[in-house]
Structure formats: structure tokens, C-alpha cells
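One structure is given below, encoded as C-alpha cells.
Every number here is computed from the coordinates shown, using simple stated rules; none is lab data. Just so we're clear, the structure is a prediction, and the values are computed from it rather than from any experiment. Cβ placement follows ideal geometry from the backbone for every residue including glycine, while neighbour counts extend to all protein chains displayed.
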Amino acid sequence: MFSFFKRKKAPEPNKQTPEEVAEVAPAQVEEALAEVPPVEAALAPPSVTPIVESEPKAPVLPEVEPEPVSYEPQQEAAPDLGVQASAEPTPEVQPPAKKASWLSRLTRGLSRTGQSIGGLFVGAKVDDALYEELETALIMADAGMEATEKLLGALRVKVRKEKITDAAQVKTALRDLIAEHLAPLERAFPLDRPAPQVVMIAGVNGAGKTTSIGKLAHAFQANNKKVLLAAGDTFRAAAREQLVIWGERNNVAVIAQDGGDPAAVAFDAVNAGRARGMDIVMVDTAGRLPTQLHLMEELKKIRRVVGKADAQAPHEVLLVVDGNTGQNALAQIRAFDAAINLTGLVVTKLDGTAKGGVLAAVAAGSQGVRPVPVYWIGVGEGMDDLQPFVAKEFAAALVGD
Ligand SMILES: Nc1nc2c(ncn2[C@@H]2O[C@H](COP(=O)(O)OP(=O)(O)OP(=O)(O)O)[C@@H](O)[C@H]2O)c(=O)[nH]1
């Protein structure tokens, strides 16, 4: 459980000199912020504290950072992020052992869902009772009515047409149908946009936003991308500290501010990213419930203000969803999508959940949700525990294969 947080004391962020913070003229920030409606401006307390920045330690004192060796792209095969190929040399494919361990982690992670679905086929007869049990298991796994009916309807047709009588073959047929159903959600993250690519990350409290940003920073770097982080939670020191720690682990700078307007931090980060030749700027935001309307307004404002720093930004607006929240995830996706127009999902904590079926509900557009693509899934707290979403692998794990 995040033992490195306990081991390492978070450092005091270095206050920058006026020259350093002047990279983005305050007037420029004010101009961008001034154009937002007054109701939002009133929500933001005056920004009195200077922007501070946590600079990566390694370039200054490489010898005091014992860990970064594992983040050297030349020494470690680039994590298979499922990203689209860029102009850079194709990252090395993961060695088979690593791939196997990742797959077994997914299967282990989803085993609670997998056992309840896969277990039904053991020694079973292919009859109505099996379909009824499957229906219950899929609904219990939070696949939702639409997906459950669609999948079982298609399964019955396939079983009849192919004259399948063996339960194990029915399981294989269901696995393939689930993979087909989930396939539209599979999308490779595009890495080859003009730099800096701005990725905004939102989600409810504790969904795994900061952790996912840390894992992504690692993976992007291993794909030879220069990364800058922005701490969009300006009010919770612990949240900033956590991001700074992930920044240190990855040897990337973090733009942060004690108090003030998160939109200003995001604006500064985009400009700093451009000035420093960064490839990717990831903007963390404070956790919020969709019912906290003022905070949802704040999120919209961050999105708008980022667009003033770069008309194409944010290039990606990701929602981090805790896979354990099951059907509630649908309400979250709907609300955040309506507010900030999501481009992708990161579904975390799929290690050990019984609700892994929720992605089937997303793919089915249950409860009016837009089937937002799933870029990554989180299957643990470690640096490598974020993996691209691959429909086939996910379907296999879901039925306990
Ligand atoms: N098991 C597991 N734990 C995860 C995963 N992703 C994140 N976590 C844990 O979830 C907890 C919350 O993660 P954070 O990254 O702090 O969540 P957050 O969304 O930034 O939280 P706030 O800052 O409160 O909004 C931490 O204990 C993480 O280690 C995952 O894929 N699997």
C-alpha cells in the first residue's frame, strides 16, 4: 500500500525566483481567467501565493536518487501502453514473461468476476438453467440489463446455429461475444500529436487520478516522451504532495500552487510545457462529486482556460473511474461527459473487483451513457499496474479463462 509514500517524506516544494515564475506573464494568466463568467471568478479566492514548482531531483543531484534506474527507457523495455505509433522508433515489444505476468495479473484481478461467471460452466448442462445463472452472474458483475440481454441473446443464437452441446464451448462462445461487444471501447492512446499534448484528468475523490497520472508519466517517459505535471488541486496540500512524490519518482517537474485558482495552474503548466519543449502536460484536478455543481463548474473553467493557452488543448480529457463502483460509474461518466466532454476513460482497481462487468454496460450505452473509449485499466498500485485496455484479454479474464 503505497509504502514509498510512508518511507519518503515529501519535500518542501522549492519556491521559484521571480525570473523563474515569470515564464508566463501574470497579465497573460489574468487575461485568460478574466474572460470567464463572474460567478466562477467569485468562486476562486484571490491568487496570492506564487506558483511553486517541484523540480525533478535527479538532474540536480543524480547521485542521491537511488531509484530512477528502473525508469531508464534504454534499460527497460517500454511498457506496452497501447499507444499509437509515433515518428520515433517503435518501442520494443514487451518480453513474453512480462506479458504473461500482466495477463495473469488481469485474470487474478478479475478473478472474483471471472469465478462467478466461469464457474457456472464447470460440469454444466447447456440448458435454460445455465442461461438463467449466466444472466444473474452478468447482472451481479454489473454488466447491466442491456449488455446482459444482448450477450445472452447472441449466445443462444450462436449455440443453436453451431449446435454446441458442450458447456466449455459455450464459455468460449460467450468469451468471444463479450470481446466483440467490448471492442468498440478499445482505443490506442495517440502519442504523436504536436507537442505539448495536454491531458486533463478528472474523477471523483479517491478514484485513482493521481496514482494513474504517476503510472502514465512513467509509461510516457519510457516511450521517450517528456512529461510535465500540473497539480490542479490547489487547496489540498496532501494531494499536491502526492503528485510531487510521483513527479520525483518519475523525475519530472510538477507545476503547483498553494491555494488560488486551479485554472491558473493549468494555464501556466501548458505555457511552461510549450516553453520547455515538453511532449505531454498532464493536468491533475481535485476529486469531486458530479453533484458538487460549483466544482463541476470549476472543471469546465479549467478546460476553457487551458484552451486559451493552446487552442487545441486539452487534447484529451480523461475520466478516472474506480472499477469497484460498478453501475455508479455510469452516472459518473454521464455527468463528467456532460460537463467536460470526455475523450477517454481510465478504469482503476480492477484487481479484486466483482464488478468488472461494468465495462460491458458502458459499451452497451446503459443508462444513456456514451460509450467513451477506455484507454487504460488499473490492476494494482504499482508503477506498471496500468495497462492498455484490450477487449479480448479483458473478456477472457471476465469469464475466468
Ligand atoms: N488496488 C488498486 N489500487 C489503486 C489503483 N489505482 C489507485 N489505487 C489506490 O487508490 C487510492 C486512491 O488513489 P489516488 O490516486 O490518491 O486517487 P485520487 O483520485 O487522486 O484521489 P483524490 O486526490 O482524493 O481525489 C490509493 O490508495 C491508490 O493506491 C488500482 O488500479 N488498483
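Tabulated values for the structure
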quantity: Percentage relative contact order, segment 198-331, counting C-alpha pairs under 8 Å, at least six apart; calculated: 39 percent
quantity: Peptides ranked, highest mean first, by Cβ atoms within 10 Å: ranges 163-173, 313-323, 200-210; calculated: 313-323, 200-210, 163-173
quantity: In sequence order, calculated HN-Hα J values of segment 186-203 (Karplus, 6.51, -1.76, 1.60; Hz; x Gly/Pro); calculated: 6, 8, 6, 6, x, 9, 9, 6, x, 7, x, 7, 9, 10, 9, 10, 10, x
quantity: Two-site FRET efficiency, R370 against D166, from Cβ-Cβ distance with R₀ of 60 Å, rounded to 0.05; calculated: 0.95
quantity: Normalised contact order of segment 128-231, rounded percent, pairs of Cα under 8 Å and 6 or more residues apart; calculated: 13 percent
quantity: Fully extended contour minus Cα-Cα distance, from A338 to E180, at 0.36 nm per residue; calculated: 54.2 nm
quantity: Of K163/K349; K171/K355; K308/K355; K215/K355, those spanning more than 28 Å from alpha-carbon to alpha-carbon; calculated: K163/K349; K308/K355
quantity: Cα shape, segment 164-208, gyration tensor, a/c 1.5 rule; calculated: oblate
quantity: Efficiency of FRET between L289 and A188 - r from beta-carbon atoms, R0 25 angstrom, step 0.05; calculated: 0.20
quantity: Gain upon complete extension [E135, Q327; 0.36 nm per residue less C-alpha separation]; calculated: 67.5 nm
quantity: For segment 320-401, Kirkwood radius (reciprocal of mean inverse C-alpha pair distance, Å); calculated: 12.8 Å
